[in-house]
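Below you'll find the structure, written out as structure tokens, and then a few comments.
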Amino acid sequence: MIARTLLSGLVALTPISWLTAQRPAPADTASLTQLRYRHIGPEGNRVSAVAGVPGDPETYYAGAASGGIFKSSDGGIHWQAVFDDQPVASIGALAVAPSDANIVWAGTGEPWIRSHISVGWGVYKSTDAGRHWSLMGLENTGRVSRVVIHPSNPDIVYVAALGHGYGPQPERGIYRTLDGGKNWERVLFVNDSTGASDLVMDPTNPRILFAGMWQMELHTWGRESGGAGSGIYQSRDGGTTWTRLSGNGLPTRTIGKVALGIARSNPNRVYALIETGDGAPWKGQETDRGKLWRSDDGGGQWQLVSYDRQLGGRTAYYHRMAVAPD
């Protein structure tokens, strides 16, 4: 009887307490009238590339998949279109010279593959912080996935070219200029079906570079990702010669797209986000499992550190690595 009485009391009191607690406070209409909309960025399509200015937290460039380049000089509050006079709209990569913030490079052609995305038209350079641009060649590279600039010599620039992707072509691989874009040399070429999906430079030694190479072919009805050309390559002489990394913990079977990251605080720490088949057969052959690999000795030895498929669920479209600077 005592238990029944207590229970009846709780049942009777609970709805009253709940209604009292949920009674809404009067709306503060005076505060609401003070709210104002403000523009916080370019509207429309996807942002495919971004770049900041070292030492200047207010200046940023944003490249759109099909909408040119925008610049902010006030930390992202206002944006100005700075590339609309050029005959190409798809941006794949942006880079600001660490030694001269007036020098900005743009690689055109979005490398985040979708069947309907248009290709680019070479690489462009600005020497006045984005006010004016000049076409610097490489018009047939199709899609530029990364532009890397030497930390102290802005005339030394590397371009990672994926290619248009719709079939075999020779204009794929890693390109280098030593004279600010007047002349280009293709320093890494694997085959006419393999392009460069990524490129990173050791922040303390610009002679050391890592390139991710991706064999792929794109059609409106689908794509084929992976092949003998896909892999990680390393240069220790500023891009003149390259060595394909194999074994030592890396996947041993056919892989697809590769994204790379290197730690500024510890350049011996290198990451590789690799498209594998996760064990599903590919053309009748077994495939490796795993997503993220890590090296702690500058690319010598590697270990698999994550199998999480969310790191590479749509590898052709979204597949990028970055390491916190600290």
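Report, by residue number, each residue of the range 171-198 that is charged (D, E, K, R), in contact with a strand residue (DSSP E or B) (Cβ under 8 Å, 6 or more places away or on another chain) and either open to solvent by less than 50 Å² (accessible area, probe 1.4 Å) or assigned to a loop (DSSP other than H, G, I, E, B) (or both).
Glu171, Arg172, Arg176, Asp198
Determine whether Asp237 is of a type outside the set (Phe, Trp, Tyr) and open to solvent by 30 Å² or more (accessible area, probe 1.4 Å).
Judged against the criteria, Asp237 is a match.
Taking only the range 199-237 into account, find how many residues are more than 27 Å from Gly313 (Cβ to Cβ) and either more than 22 Å from the chain's Cα centre (by Cα) or not in a strand (DSSP E or B) (or both).
Going through the range 199-237 one residue at a time, the tally reaches 9.
Just give me the residues in the range 296-308 being without any contact (Cβ under 8 Å) to a residue 40 or more places away in the chain and surrounded by 12 or more Cβ atoms within 10 Å (Cβ to Cβ), in sequence order.
Asp296, Val305, Ser306, Tyr307
If you check Ser265 against the conditions, is it of a type outside the set (Phe, Trp, Tyr) and over 21 Å from Gly298 (Cα atoms)?
no
Where residues in the range 120-170 are closer than 25 Å to Trp79 by Cα and of a type in the set (Val, Ile, Thr), which of them is surrounded by the most Cβ atoms within 10 Å (Cβ to Cβ)?
Val144
Evaluate the following for Leu162: is it touching a Pro at 6+ places or on another chain (Cβ under 6 Å), of a type in the set (A, V, I, L, M, F, W, C) and either at pLDDT 95 or above or farther than 22 Å from Ala322 by Cα (or both)?
Yes, satisfied.
For the range 137-157, give me the residue count where each residue is closer than 14 Å to Leu94 by Cβ and of a type outside the set (D, E, K, R).
Selection size over the range 137-157: 6.
The values are calculated or read from the model by the stated rules, or taken from the named source; none is laboratory data. In this text, all values refer to a predicted model and were calculated from it rather than measured experimentally. All Cβ positions, glycine included, derive from the backbone under ideal geometry; neighbour counts span all protein chains shown. With ligands, DNA and RNA removed, areas are computed over all heavy atoms of the protein, side chains included. Shrake-Rupley method; radii C 1.70, N 1.55, O 1.52, S 1.80 Å.
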